[in-house]
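One structure is given below, encoded as structure tokens.
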Amino acid sequence: MPERIPSIVIVGGGFGGLAAAKALRNTCARIVLIDRANHHLFQPLLYQVATSELAPGQIGCPIRGILRNQSNTTVILGEVSAVDKDRQCVLVNSVDREGVPIAYDYLILATGVRHSYFGHDKFEEFAPGLKSLADAVAIRNRILEAFERAEAEEDPSRHRDLLTFVLVGAGPTGVEMGAAIAVLVRSTLRSEFRRIDPMSSANRSGR
């Protein structure tokens, strides 16, 4: 009787999930990688999308393309809604189906993290996080809109408030984001406005 081939389910196609899949490429196992997006996102460069230095497509790569030569791995587009430990399966929601069970012998959860407001979720409306392409595009739009609103504002006394950006957090992303905003202003926006001086915002930052 042939030996049963184990099934390994990996939830998440980020750095952790892809590293796990690649590490298992030569194993005698069936691997299923599930992610709710069909692309891998290079998160360290999100700040460059948020400041118009890169387009969203420049920091994303199709997961299937990355694993195309890995014959023991199947990629499924869907969102895992639950883990049934007793039945040893995950329940997956896709475009037209909900709660589809996918069995596993071994389960790897690599779902990543989300920014936290430490119990103050009401802050999210005014202080968006930066963890996804949607976040980066939303922040980019807010930054550009701030300059447009200032240009349309006839009262010069309001320009300073409209062009003040506050960054909460001085880790790598916060520092790089602040520097990228300054570069955006000095290299791109400086010559495009008439009523305001974009350089005034480049010389101010909050943390």
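The values are calculated or read from the model by the stated rules, or taken from the named source; none is laboratory data. Just so it is clear, the structure is predicted and the values come from calculations on it, not from any experiment. Cβ: placed from backbone, ideal geometry, glycine included. Neighbour counts: every protein chain shown. Note: areas computed on protein heavy atoms with side chains; ligands, DNA, RNA excluded. Shrake-Rupley method; radii C 1.70, N 1.55, O 1.52, S 1.80 Å.
Descriptive notes on the structure:
- Shape category assigned to the stretch 87-207 from the gyration tensor of Cα positions, a/c cut at 1.5: prolate
- Using alpha carbons only: equivalent-ellipsoid semi-axes of the chain, gyration tensor based, whole Å: 45, 17, 14
- Result for the chain in a Gaussian network model with C-alpha springs under 10 Å: among 15, 126, 147, the largest mean-square fluctuation is at 126.
- Stretching residue 194 away from residue 123 to a fully extended chain increases their span by 22.2 nm, per 0.36 nm per residue minus the current alpha-carbon distance.
- With R₀ set to 35 Å, the beta-carbon distance separating residue 131 from residue 3 gives a calculated FRET efficiency near 0.25.
- The residue 155 and residue 183 beta-carbon pair, evaluated with R₀ = 25 Å, returns a calculated FRET efficiency of approximately 0.35.
- Between residue 68 and residue 168, the simple label model (points 7 Å from Cα in the Cβ direction) yields a spacing of 4.3 nm.
- The chain - accessible surface per residue (Å², probe 1.4 Å): 63
- Stretching residue 93 away from residue 42 to a fully extended chain increases their span by 15.9 nm, per 0.36 nm per residue minus the current alpha-carbon distance.
- Inter-part distance where the stretch 139-175 and the stretch 29-65 are each reduced to a Cα centre, Å: 27
- When shorter helices are ignored and each DSSP H run of at least 4 residues is given -39500 (n - 2.57), the per-residue value for the chain at 222 nm works out to -8000 deg cm²/dmol.
- Rounded to the nearest 10 degrees, the angle from helix 133-152 to the longest Cα principal axis of the chain is 10 degrees.
- Between 125, 98, 153, the residue with the greatest mean-square fluctuation in the GNM of the chain (Cα pairs under 10 Å linked by springs) is 125.
- Calculated FRET efficiency for the pair residue 79/residue 28, C-beta based, R₀ 41 Å, to 0.05: 0.90
- On the stretch 1-80, 54 percent of the accessible area sits on carbon and sulfur atoms, based on a 1.4 Å probe.
- Listed by chain and number, the aspartates and glutamates whose alpha-carbon sits under 20 Å from that of residue 22, ignoring those within fewer than 8 places in the same chain, are 35, 105.
- Percent antiparallel among DSSP beta bridges (both partners in the chain, rounded to 5): 45
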